[in-house]
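Below you'll find the structure, written out as structure tokens, and then a few comments.
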Amino acid sequence: RRVHGGTSLAVDGSHCSAMMKEDKGISNLVLGAIATTIIAVTYFLTKPKKVKSKNAANDASEIDINPLSHDTEHLRSQGVDKDDSADPLIQEAAIDEIAAVCQSEKSKGNKYFQAGRYDQAIECYTRAIQLSDADDKDRAAYFCNRAAAYMKKQQYKSVVDDCTTALLLNKDYTKAYARRAEALENLGQYEDALKDFTAAVILSKLTDQELMAALDRVVKKLGTRKAKETLMNRPKRLPSNAFIVNYFNAFKAALGSADPAELEDLNTQLAANEHDAELLYKRALVNKALKRFQEADEDLHNCVHAANFADFAFAAQALTEYGSFLQLKTETEEAEKAFERAIELNPQYTTAYVKQGVLYVEKLDFAKSLELFDKAMEISQTDPDVYVFRGQLHIMTGNLEAALKDLEHCIEICQSMPSAYIQLGLVYDKLGMPDKSKETFLTASTLFPNQADVMSYFAEMLVETNQVDEGLKKLDAAAEADASNVFPLLHKAQVKLNLGDVQGAMDALEHVIQVDPACDTAYSQLAQIYMQLGRVDQAVRYFDKAIETLRTETELVDAYCCRETAIAQAQMAAMLNSRA
């Protein structure tokens, strides 16, 4: 999230595994248990028949699949049944004989299963179920094995039914939870699948890597579905002021500056000619400089749709600004059209190429981004925006040497871009050149003594060199220098967390929310902290707040994954712990 020159404490993308590392954390989760649905199923005997194995390699002999084995028929022909109470000794013997028959049917079913003959396997497991006593310790296994055969036939509803019955017989049956979870996943019932996989992972004491992988897979599917639904139903809107400021300040032009008196003058002129493209564009720039972003967005929309827009001398610039606001609202396709139209109107306007390149970075299409940055470079070798954003792209793709070259050249041709110094300092640090990194941040601090982002990163460097107190003082000074910039407070929260001062971190994050109520990062970090504290209700509340403010599908998927995992983990841990 440093693409735009600032910083952000991103939501943890590991979703499930990292939240379930310690049994102690699990035991502290306190939400209620899941009520398991009880499904009654009746099964009927099939007609007696002999089936010859078609796979001699797996089974060279005939397998008896009569509904009742010869031994059982003999017992019953003698008037001995498993519910015969005339003689306890005879009854006990009969029960033992029938239990042996059930085991035999299970073994036959297993052979059929291994041979891929799932219908015959189901018949064998069904007979074992019908013959077994309610208190047969293996009865749950018969249901679970039949569920495995149903799974192979993709009869997922039957899998769910059988695994549910198996869990009624054995409430801690890990394999039944896992098998039912897989069936629910295939039915698209991701919430219930997540709960079952979570229960299986807890019961396996977090040792089964396949279950952990399945848990991550399902929570990702659930998170993706919910993220898409959220974006589909949510009206497009601008992100937090802090995010917008950070975006524009990453470019050389930055936000610009304006006097409120200019706004009054433009308002007067537009009152007489409200559809003039040039006046609307000028007012949009003034509103942007004054951080009146909603008003700037409206002015730009009206500008590019004005009747005289085609005759406007700065149409390419206006379209590029308009595209920036569309991108901020995640209207990606419309933003791309605006940038392309700007390039058509003025093929030499490098800013349009750069901003379209930044758009593709956000879409994670790095090849297209690099292509656009290179095109801009062909037009102008003196535009610092090209170098700083191509340098950031190289950082993201791990090409630090190329990033270093671009960022050093950027500073050679332009010494007035704080974001270039910040990125260069970070690259030096990543390359194991701490002295150069420190020198770069010191230079930036001299050039931009009251720039909050520069002060924040310099403070971070101080903390990393064990000058913690000085670093915290620097962060406080940065927050005072620009009270509307939340990034010093976010840095402070991270430092406090690293020091083990959880309350100090929470206080800093709550301060962020007071300054910028739409800061998704603060909500996400608070949610993570509450999860660590075992306060799942509060964690979910803050995840919901983060979801309200997050912009992109990737960010929403991460937040939903964390939220849904927290809920499922709490519910299943509470249910399982209540049985202990």
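The values are calculated or read from the model by the stated rules, or taken from the named source; none is laboratory data. In this text, all values refer to a predicted model and were calculated from it rather than measured experimentally. When we count neighbours, we look across all protein chains shown, and the Cβ atoms used for this are built from the backbone with ideal geometry, even at glycine. Quick note on the areas: whole protein, heavy atoms, side chains included, nothing else; ligands and nucleic acids left out. Shrake-Rupley method; radii C 1.70, N 1.55, O 1.52, S 1.80 Å.
If I compute solvent accessible area with a 1.4 Å probe over the protein chains, what percent of it on segment 504-580 is carbon and sulfur?
Using a 1.4 Å probe with all protein chains present, segment 504-580 comes out at 45 percent carbon and sulfur.
Give the accessible surface of segment 117-258 per residue, rounded to a whole number of Å², with probe radius 1.4 Å and ligands, DNA and RNA excluded.
Spelled out: the 1.4 Å probe surface of segment 117-258, per residue, equals 42 Å².
Suppose all protein chains stay in the model; what accessible area per residue would a 1.4 Å probe give for segment 440-580, in Å²?
40
Taking only protein heavy atoms into account and a 1.4 Å probe, give the accessible area per residue of segment 356-429 in Å².
Per-residue value: 38 Å².
Evaluate Rg over Rh across segment 276-381, taking Cα atoms for both radii and Kirkwood's formula for Rh.
Looking at segment 276-381, the ratio lands at 0.98.
Let a ≥ b ≥ c be the square roots of the eigenvalues of the Cα gyration tensor of segment 126-234; is it rounded (a/c under 1.5), or, if not, prolate (a/b larger than b/c) or oblate?
It is prolate, given that a/c is not under 1.5 and a/b is the larger ratio.
Need one word for segment 414-501: rounded, prolate or oblate. Basis is the Cα gyration tensor (sqrt eigenvalues a ≥ b ≥ c); a/c below 1.5 gives rounded, then a/b vs b/c decides.
Here segment 414-501 falls in the oblate category.
Can you tell me how much longer the chain between Asn308 and Asp537 gets when fully stretched, taken as 0.36 nm per residue apart minus their C-alpha distance, in nm with one decimal?
76.9 nm
Roughly how many percent of the accessible protein surface of segment 117-177 is carbon and sulfur, given a 1.4 Å probe and a whole-percent answer?
45
So which of Lys236/Lys368; Lys252/Lys291; Lys106/Lys153 end up more than 21 Å apart, counting from Cα to Cα?
Lys236/Lys368
Residue-wise, which Karplus ³J(HN,Hα) couplings in Hz belong to segment 303-318, taking 6.51 cos²θ - 1.76 cosθ + 1.60, θ = phi - 60°, and x for glycine or proline?
In residue order, the calculated couplings are 4, 6, 9, 6, 5, 9, 5, 4, 8, 7, 5, 10, 4, 5, 5, 5 Hz.
Cα-Cα over 25 Å: which of Lys220/Lys337; Lys228/Lys363; Lys363/Lys496; Lys288/Lys496; Lys195/Lys228; Lys195/Lys329?
Among Lys220/Lys337; Lys228/Lys363; Lys363/Lys496; Lys288/Lys496; Lys195/Lys228; Lys195/Lys329, the Cα-Cα distance tops 25 Å for Lys220/Lys337; Lys363/Lys496; Lys288/Lys496; Lys195/Lys329.
Each residue of segment 97-105 in turn: what ³J(HN,Hα) in whole Hz from Karplus with 6.51, -1.76, 1.60 and θ = phi - 60°, glycine and Pro shown as x?
Running phi through 6.51 cos²θ - 1.76 cosθ + 1.60 with θ = phi - 60° gives 5, 5, 4, 5, 5, 4, 5, 5, 4 Hz.
Which of rounded, prolate or oblate describes segment 119-161 when judged by the alpha-carbon gyration tensor and an a/c cut-off of 1.5?
Judged from the Cα gyration tensor, segment 119-161 comes out prolate (a/c at least 1.5, a/b above b/c).
Can you work out the Karplus-derived ³J(HN,Hα) for every residue in segment 519-536? Use 6.51 cos²θ - 1.76 cosθ + 1.60 with θ = phi - 60°, whole Hz, and x for glycine or proline.
Result, ordered by residue: 7, 5, 4, 4, 5, 5, 5, 5, 4, 5, 5, 5, 4, 5, 7, x, 9, 5 Hz.
Less than 12 Å from a label point 7 Å out along the Cα-to-Cβ axis of Ile413: which backbone N atoms in segment 338-362 qualify, by residue?
Flagged as within label range: 350-351.
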